[in-house]
1. In nm, what does the list of distances from A:S173 to its counterparts in the other copies look like, shortest first, when each label sits 7 Å along Cα to Cβ?
2. Does the protein assembly as shown classify as rounded, prolate or oblate by the C-alpha gyration tensor (a ≥ b ≥ c root eigenvalues; a/c under 1.5 gives rounded; else a/b over b/c gives prolate, otherwise oblate)?
3. Mind checking how much accessible area B and A bury in total, 1.4 Å probe, in Å² rounded to 100?
4. Any idea what the dipole of the protein assembly as shown comes to, in debye rounded to 20, about its Cα centre with Lys/Arg Cβ at +1 and Asp/Glu Cβ at -1?
5. How charged is the neighbourhood of B:S58? Take every other residue with its Cβ under 13 Å from the Cβ of B:S58, and add Lys/Arg as +1 and Asp/Glu as -1.
6. Go through segment B:235-274 and flag every residue whose accessible area shrinks by 30 Å² or more with all protein chains in place compared to the isolated chain (probe 1.4 Å).
7. Got a sec? Which residues of segment B:117-149 lose 30 Å² or more of accessible surface with every protein chain in place, vs. that chain alone, 1.4 Å probe?
8. With a point put 7 Å past each Cα toward its Cβ, work out how far B:N140 is from B:E195 in nm, to one decimal.
Number of protein chains: 2
Amino acid sequence: MLLGALEAGGTKMVLAIGNENGEILEQTSIPTETPDITLPKIIDYFKDKDIKALGIGSFGPIDLDRNSKTYGYITSTPKLAWVNCDIVGTLTKHLGVPVGFDTDVNGSALGEATWGSTKGVDSSIYITIGTGVGVGVYQNGKLLHGMLHPEAGHVLLSRHPEDSFTGACPYHSNCFEGLAAGPAIEKRWGKKAYELAPDHKAWELEAYYIAQALVGYIFTLSPHRIVLGGGVMHQTHLFPMIREQVITLINGYLKTPLLEDIDNYIVPAALNDDQGIMGCIKLALMELEEK
Amino acid sequence: MLLGALEAGGTKMVLAIGNENGEILEQTSIPTETPDITLPKIIDYFKDKDIKALGIGSFGPIDLDRNSKTYGYITSTPKLAWVNCDIVGTLTKHLGVPVGFDTDVNGSALGEATWGSTKGVDSSIYITIGTGVGVGVYQNGKLLHGMLHPEAGHVLLSRHPEDSFTGACPYHSNCFEGLAAGPAIEKRWGKKAYELAPDHKAWELEAYYIAQALVGYIFTLSPHRIVLGGGVMHQTHLFPMIREQVITLINGYLKTPLLEDIDNYIVPAALNDDQGIMGCIKLALMELEEK
């Protein structure tokens, strides 16, 4: 069975055809321009491909409330051309198939939970640390929504005592994304993350901020496993530093067998940066099963 | 139909008989001594009361994993006599009825969601701020568990610039409970919370810490409503201060109709401090329905 997958990002749209085993049969990408230009290109790609359903993992904020009049819309995004864009309605109408819809990071959380490093794990969170920070939350076969959806890249953190950088988020001077995403690293040190040596001071601060955020998620959501992905996490020397800081910050308060095996508790993404698009395939499949 | 309810606290056990409408027909309490002394008293109270099920909201940590060998145990609690106490097994054996089990704060979250200020609301969190800080999480008819259960009273916060108090938590110098629970207020100011005038500096700090924690929960869990209970929250002048700080800290990043109506988003508990024991009645009812 063929399924369509659309990873809708702020700068590019990844389009793919896959099957129910998560195999990607073909994939392409186009730049994200305005809905008037980009949506017809997406429709052109998927029509005549004989897909049974489409799954979309989208930049946001988005409306995931199925009882809402604006369900399936991209809502108050800073990408102004896309504000109040009815992406699900438009694609449903032109493709004539069920369309699943969630945030890009919930999609990645789902991809990893279905075929990756959290396969068979009851609850997990997926954190991408790249040009921004996003968090997807998977719980017993479902993705966490609520009032909106997690925006946990913006949790507020305590500043490292040696960090005088003002933060790169226009909303919060000390949120996770503003202190630790790629642009923050570049603005603070004048170099891109991959240009900084593994023994650079940058990584001590980075591990400190990531660990602080993780400890907040652990105390709040109590996930069975945490997956870290995104461009910054390609610096794999960060993993042991983060794990050590998490243990230091929890300071023995939580005692569980999973935390004792921390190398298997905080893990890298396992799907070669295809977790997002594979998650969209699963979103398509879930939407089909719901019908 | 008669249902038993047991709110198991570190200093006292509240025992009650109620019905499926959440009405409490009789209630008593006994001190929490050792399991050898206290469990037989609990059994004596409930036997011959013709209850169809029992619900327990317990101090913790507790094992909520139904696939675990120690499901229904109080586990690594600082109350040493109760470490590895099989409270569910013991009461099931002696009372011969289904026994529902959750954390005390998840119980309160459930009580409010069933009969109180979050009735009819899809997802909510209940936060008690008293001798400690506890957080219960309700999502679409279920209580959040995961690896363990939320321990979100220990999320780490940024210190107020004018606060030199070292914190009252033995594990974390700057966690929510250590900075803002009753004992922290008393140690910081040398007076109990209810002895401090509404214009005392203490309340500015208190609102600052509570709001910081709430913003973290909002970004992470995206609840539809937040309920604040516990002894400290009897100081009702805190509510407008907390709401104002939450809006300041989010700083316009989240735009939802629910947050715009913040007086109905962050609300007091509505069940006259019976939310915990009423939640236990609902836990009993849910366990009965599961059988």
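1. A:S173 label point versus its equivalents elsewhere: 2.1 nm.
2. Prolate is the answer for the protein assembly as shown, as a/c is 1.5 or above and a/b outweighs b/c.
3. Buried area between the two chains comes out at roughly 3400 Å².
4. Here the protein assembly as shown has a charge dipole of around 200 debye.
5. Summing Lys and Arg as +1 and Asp and Glu as -1 gives -3.
6. Those residues are B:L249, B:N251, B:Y253, B:L254, B:K255, B:T256.
7. B:Q139, B:L144, B:G146, B:M147, B:L148
8. So the two model labels end up 4.9 nm from each other.
The values are calculated or read from the model by the stated rules, or taken from the named source; none is laboratory data. Please read these numbers as outputs of a predicted model, since none were measured by experiment. Note that we place each Cβ from the backbone using ideal geometry, even for glycine, and neighbour counts take in every protein chain shown. Please note that ligands, DNA and RNA were not included when accessible areas were found on the heavy atoms of the full protein model with its side chains. Shrake-Rupley method; radii C 1.70, N 1.55, O 1.52, S 1.80 Å.
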